[in-house]
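Student: Starting off with a structure, shown below.
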Amino acid sequence: MFLSISKFPLTIAPLAICIFLTRHYRITFNNTKSLLLFFVIFWPIFIFLIYSLFIKTIEITEFATTYLLWLFGSVAVVLGSISHIKKFERYSSVYIVALFLVVSFSIFQVLALRVFDIEALYNPFGEFTYLSQYSLDRVYSLTGPRAYGLFLEPSYNSFIMFFLMSIILMDDRSNFRIFVYVIGALGIVFTASASGILLTFILLFLIFWLTAIKNNILRLVLLFLVPIALVSMIPEELMVRLNEVNLEGTSGYWRLVAPIKIIYEAMLVLPLGIPFGQVNDFVYNLGIDHGGEKGTSLDNGFAILFFYFGLFAFIFLAAIVYKLLVSIYFRNYKGVIFWWFIFASLQFSGGIFLPEFIFPILLILYQYKLVNFNEMPDVPFSGIKKYIS
């Protein structure tokens, strides 16, 4: 973090996004781009007006901050998705070095605290730490100290490792896949992020699945049967533990059950979505227990999309799942990694409009288009080869 503007932390991410777009893409406009940009710019304003006129008056300042974040991020993603590439350069070696450094620092961070009781690595940026320096009381979990790495929280550290693993594995020219599997998985284990560990396991399972089963139909059918078989084998003692997600106030309830209840209530108010900036007040008024207090947040990216875009989020989710299943059926190795990343990335946190989340999305979009340049790609929003030529 370089500075804070009206308590909003500013990092290098917005500048990096602008530089990357202008250097790597030929930004032009046509009817498709104009229509998409019109939607992302004006649809949230339309929802704001409907909500204010017919449901409840809200302050424009509550709407504006989230809207500006959405505007910057969505425009960047749309332009990165459907613009022509003008600079063809693979950065896999850079990503490998970055993965090694992030994982190494995370491991040293945990070991230094656990073995030598050295705390210095947990606030490496001092007063420039994103948002604020954090207390070591937050570092410990049931498994001991968690790896925050160079970031705000272990879940974002896990997200960066997962992103680096995915973007490297998409490059079929890379000779470091085993290294990436091992070091990436090891780093995510040190974050003790349950979502990160599960999503990484599924990624590696999907990659193995593509190699192990040659028949397209059999691969898809067994993919649905394996989870059912695994669930049936769960010991009764573990099922009792898993049933705690039904108990309001637990972390499992908040991450898995509460978002469904919140989205259901939001849909009853306005099926097209709730205006930007209303998550905290809306969730607080529902009175759902979150660790002994009324919850005020949504910690899941898909939940955020459903909250703000209502029925349109169902279409978005269905499109991602469809693309993933098609890639699995046709053994599209790069497509499976890409679409699983898009799905999984929305599970790490609710801060999906932040530039720090948008930049990795933009990088992996570029990588996906680049590695598919000599093939017919499956590029978001376009689906035709001319957009990457």
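The values are calculated or read from the model by the stated rules, or taken from the named source; none is laboratory data. The structure presented is a predicted model; accordingly, all values stated were derived computationally and were not measured. Positions of Cβ are backbone-derived with ideal geometry, glycine not excepted, and every protein chain shown enters the neighbour counts. The protein model used for the area step is the full one, side chains on, heavy atoms only, and it has no ligands, DNA or RNA in it. Shrake-Rupley method; radii C 1.70, N 1.55, O 1.52, S 1.80 Å.
Student: Which of the residues belonging to segment 245-283 are under 20 Å from Phe63 (Cβ atoms) and among the charged types (D, E, K, R)?
Tutor: Just the residues of segment 245-283 that are under 20 Å from Phe63 (Cβ atoms), to begin with: 262-263, 265-267, 269-283.
Once the filter is applied, which keeps residues that are under 20 Å from Phe63 (Cβ atoms) and among the charged types (D, E, K, R), segment 245-283 yields Glu265, Asp281.
Student: Can you name every residue in segment 187-213 that is closer than 16 Å to Leu225 by Cα, of a type in the set (Val, Ile, Thr) and in a helix (DSSP H, G or I)?
Tutor: Passing the criteria: only Ile202.
Student: In this structure, does Pro235 turn out to be modelled with pLDDT under 85 and either within 28 Å of the chain's Cα centre (by Cα) or under 21 Å from Lys323 (Cα atoms) (or both)?
Tutor: On the way: modelled with pLDDT under 85: yes; either within 28 Å of the chain's Cα centre (by Cα) or under 21 Å from Lys323 (Cα atoms) (or both): no.
So Pro235 fails the test.
Student: Has segment 177-189 got any residue that is open to solvent by 70 Å² or more (accessible area, probe 1.4 Å), closer than 19 Å to Val97 by Cβ, under 23 Å from the mean Cα position of the chain (by Cα) and touching a residue at least 12 places away in the same chain (Cβ under 8 Å)?
Tutor: Yes: segment 177-189 contains one or more residues that are open to solvent by 70 Å² or more (accessible area, probe 1.4 Å), closer than 19 Å to Val97 by Cβ, under 23 Å from the mean Cα position of the chain (by Cα) and touching a residue at least 12 places away in the same chain (Cβ under 8 Å).
Student: Kindly check whether there is at least one residue in segment 45-57 that is without any contact (Cβ under 8 Å) to a residue 12 or more places away in the chain, more than 25 Å from Leu10 (Cβ to Cβ) and either among the β-branched types (Val, Ile, Thr) or surrounded by 18 or more Cβ atoms within 10 Å (Cβ to Cβ) (or both).
Tutor: yes
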